[in-house]
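Participant: If you scroll down you'll find the structure; I have some questions about it.
The values are calculated or read from the model by the stated rules, or taken from the named source; none is laboratory data. Note that the structure is predicted; figures quoted are calculated from it, not measured. All Cβ positions, glycine included, derive from the backbone under ideal geometry; neighbour counts span all protein chains shown.
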Amino acid sequence: MPDSDQALLLTATCARGIEEILVGELQALGMGGIEPGRGAVTFQGSWLDCYRANLWLRTANRVLVELARWPAPDGDALGAGAFALVSGVRRRPGDTRARVAPAPGIDIAALFHPDHSLVVHASASASRLRDVRWIAVKTKDGIVDAQRALHGRRSDVDKDNPHLALRVRVHRDQATLLLDTSGQSLDRRGYRERSVEAPLREHLAAACILAAEWDGVGPVVDPMCGSGTLLVEAGWLALGRSPGFLRDTWAFQNLPWFDKWAFQALRADRARVESAVDPETDSVEASEDEAPDSGPRRRTVRLIGLDRNEAAVEAARANLKKAFLRARIQHGYAGEFSPPSGPGLFVLNPPHGERLVEQHRQWERIGELLKQRYKGWRAVLLAGGDDRGRGIHLRPTREFQLWNGPLEASILVYDLY
């Protein structure tokens, strides 16, 4: 069992450009040693903090734990380091390379037992080693060779459902071996019963809501709601519900020292909401949860979504129901809808595929809509495409440039007076 008093070296990965938002989440959770990077934020904490990060981070993709670092100028050094880490010795008599010490809080012997299947993924940058498949193979070979030397047998490789998902990064000829404690990407919330074409990923929707610095007061309106992702993320945030609320499995549950009872205590929000479900509607609009990121939240939240596509309306209704949220979802057009009295939060992820001139006209129409019907509201828009919201003719109060996969996009926040 690892020493619980020793701080782990953790990394939360995210989309490039929203690191500042993720830093804010980690600060709200009380994590220490927070350092933003490129598409990731490192921090320090205990194994319990690792569970909390997986359960509560809304904008992260994965939470990784550093296992070890060693020099890797070539393939032999890479494999030798992996062997030395797992075996605790040098690769062969007379090897002048130093032993590889595990990071604090890691029980290497228990972790790399040959009964535990594994998979190794790799990345490389600014290094002599560049072939990521070869890097993964050399690292895996070093690990299983050490297991054979110690136990006479080795771990199986399981690419689909491994006991241990490992990631080796080689940067400037330095290898870092990390353990993926999340398993499936954290944006897989579990409420997406139905989808639409090009759905907005959950962690980016959460980034939009957090970027707006919304206090949870007033209605939320999404006039192009698609499958309802922005509405769900706003509703869960307002009610203090963890983004892992519906999820059942994480990779850290495979660890030999996983503390089941401590983790169940962290999931009290799920038990409270499930006990409040209305058996007639299978939904709930109230929660008494206390979110660790910002204290007690409101008991109710008013969610309103529109879409001109009937399939999207049905998808949004199904997803909101799965998320235990009541919402008013209807077929309609943004320009024909009269919002409730504000203040409130206007959220929008408009289509990004039109030609530039059509994008510009679309943003002009959105700008006029906001100025005419949403005075006193706050608006947050995810703007993609070449125009990226320039045609709206409003000055944002906050702006984040990010990458949505290979596509550049912007989160734009407006206070409407």
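Participant: State which residue is nearest to the chain's Cα centre (by Cα) when the search covers only region 355-375 and only residues that are modelled with pLDDT under 85 and hydrophobic (A, V, I, L, M, F, W, C).
Facilitator: L356
Results for (1) within 19 Å of C208 (Cα to Cα); (2) of a type in the set (D, E), shown as yes or no for each residue.
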position	(1), (2)
F324	no, no
V380	yes, no
R388	yes, no
E399	yes, yes
G405	yes, no
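Participant: Restricting region 88-132 to residues that are at pLDDT 95 or above and among the polar types (S, T, N, Q), which is nearest to L48 (Cα to Cα)?
Facilitator: Step by step, filter region 88-132, then rank; the result is S117.
Participant: Kindly provide the set of residues from region 12-38 that are of a type outside the set (D, E, K, R), surrounded by fewer than 17 Cβ atoms within 10 Å (Cβ to Cβ) and within 17 Å of L178 (Cβ to Cβ), ordered by number.
Facilitator: Correct list: G33, G37.
Participant: Now for a different question. Which members of region 309-359 meet the condition of being in a loop (DSSP other than H, G, I, E, B) and over 21 Å from G218 (Cα atoms)?
Facilitator: If the condition is that a residue be in a loop (DSSP other than H, G, I, E, B) and over 21 Å from G218 (Cα atoms), then N309, G332, Y333, P350, P351, H352, G353, E354, R355 are the ones that fit.
Participant: Now for a separate question. Name every residue in region 28-68 that is among the aromatic types (F, W, Y) and closer than 20 Å to E202 by Cβ, in order of residue number.
Facilitator: Listed by number, the residues that qualify are Y51, W56.
Participant: Within region 68-86, track down each residue that is out of contact with any helix residue (DSSP H, G or I) (no Cβ under 7 Å at 6 or more places or on another chain), under 15 Å from R169 (Cα atoms) and aliphatic (A, V, I, L, M).
Facilitator: A77, the sole residue that qualifies.
Participant: Evaluate the following for V196: is it farther than 21 Å from R247 by Cα, touching a Gly at 6+ places or on another chain (Cβ under 8 Å) and either of a type in the set (A, V, I, L, M, F, W, C) or free of Cβ contacts under 8 Å to residues at least 60 places away in the same chain (or both)?
Facilitator: So V196 fits the description; yes.
Participant: Kindly list the number of the only condition in (1) crowded, with 17+ Cβ neighbours inside 10 Å; (2) outside any helix (DSSP H, G or I) that fails for D115.
Facilitator: Every condition holds for D115 apart from (1).
Participant: Given the condition modelled with pLDDT under 65 and either not assigned by TED's automatic domain parsing to the domain that holds A318 or not aliphatic (A, V, I, L, M) (or both), answer yes or no: does some residue in region 247-265 qualify?
Facilitator: no
Participant: Report the residue count in region 128-155 for those that are loosely packed, with under 13 Cβ neighbours inside 10 Å and in a loop (DSSP other than H, G, I, E, B).
Facilitator: So the answer is 5.
Participant: Turning to a different aspect of this structure: Tell me, please, whether a residue that is closer than 26 Å to R267 by Cα, at pLDDT 95 or above, within 28 Å of the chain's Cα centre (by Cα) and not acidic (D, E) can be found in region 65-85.
Facilitator: Yes, there is a match, as at least one residue in region 65-85 is closer than 26 Å to R267 by Cα, at pLDDT 95 or above, within 28 Å of the chain's Cα centre (by Cα) and not acidic (D, E).
Participant: Same structure, new question: What number of residues in region 366-396 are exposed (fewer than 15 other Cβ atoms within 10 Å of the Cβ) and outside any helix (DSSP H, G or I)?
Facilitator: 5
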